[in-house]
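Chemist: Handing you a structure now.
The values are calculated or read from the model by the stated rules, or taken from the named source; none is laboratory data. Computed from a predicted model, the values in this text were never measured in an experiment. All Cβ positions, even for glycine, are placed from backbone atoms using ideal geometry, and neighbour counts span all protein chains on display. Keep in mind that these areas ignore ligands, DNA and RNA; they rest on the heavy atoms of the full protein, side chains included. Shrake-Rupley method; radii C 1.70, N 1.55, O 1.52, S 1.80 Å.
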Amino acid sequence: NSNLIQSINNQNNELITYFITGRTKTHNEGLDTRLEISEQIDMEVSNLLRQSHATRVALLELHNGEVNLARLPFLKYTMHYEWPARGVESIGEKVSGLDASYLRVIINRVNARQDNVVILTSKDIDELYEVAPKLYEFLRVKLDLKNIVYVGLYCHTTNRLIGLLVCEYNQMLERDITDILEKYRTTFSEVGNRISTHLHYMINNTANESCE
């Protein structure tokens, strides 16, 4: 099928351009469908996994949940674009539908950083036992996570949080994780900014949705 071959060739050209120049097609150059945007996000996440030697890179998207017992609406996180390293099991089902309140401590720290990048070492997670026991149980007991980098993703017009880029380093020693963070801090921030742009465009160009 000539159309299928052309589509594959176009995707290969995009990948070649990305890995050579680090530049992806901008929205005003025709990146105007949810599928194309999703492919760009997927490319960013998979490339970051390889570049930063992470155990897993994933995207937590913030969305409207249901209502609580007081009939008040609340927000949830759903894990999309999960890329685990070879031999690492997916945790997407364990994370999807996570009440946003679980990560409030993380969000406060992310918001306080100018580059929106926060690291939790194994020691940091242990310290959550006292200040955020539910988060500690979720990260340490349910997911068995050891070292995590969180990057805040924000709506470009309102600066409202719309998601988190999560990089997991379960195979790294604690003394190594700080070196990795400092080495890739700028990369984490730049990738987060590009994904924020993609998410902002996707949300605000979907019927009945807006990040404002």
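Chemist: What is the extension gain from D124 to L75, computed as 0.36 nm multiplied by their sequence separation minus the C-alpha to C-alpha distance, in nm to one decimal?
Modeler: Gain on extension, D124 to L75, equals 15.1 nm.
Chemist: How long is the range 36-168 along each principal axis, judged by its Cα atoms, biggest number first, in Å?
Modeler: Sorted from largest, the Cα extents of the range 36-168 read 43, 36, 31 Å.
Chemist: Right, another one. Find, to one decimal place in angstroms, the Kirkwood hydrodynamic radius of the range 105-145, where the mean of 1/r is taken over every pair of different Cα atoms and then inverted. Please list the in-between numbers first.
Modeler: Values: mean 1/r = 0.0941 Å⁻¹.
For the range 105-145, the Kirkwood estimate is 10.6 Å.
Chemist: Starting from the residue with the highest accessible area, list D179, D99 in decreasing order, probe 1.4 Å. If you can, show how the numbers build up before the last one.
Modeler: Numbers: D179 100, D99 50 Å².
Most to least solvent-accessible, the answer reads D179, D99.
Chemist: If the limit is 20 Å between Cα atoms, which of K76/K134; K94/K142; K134/K183; K76/K146; K76/K123; K76/K183 go over it?
Modeler: Numbers: K76/K134 15 Å; K94/K142 8 Å; K134/K183 31 Å; K76/K146 23 Å; K76/K123 26 Å; K76/K183 31 Å.
Checking Cα-Cα distances, K134/K183; K76/K146; K76/K123; K76/K183 exceed 20 Å.
Chemist: Hey, with R₀ at 25 Å, roughly what FRET efficiency would R185 and E93 work out to, going by the Cβ-Cβ distance, to 0.05?
Modeler: 0.25
Chemist: Starting from the alpha-carbon convex hull of the range 135-197, give the projected area averaged over all orientations, in nm².
Modeler: 4.9
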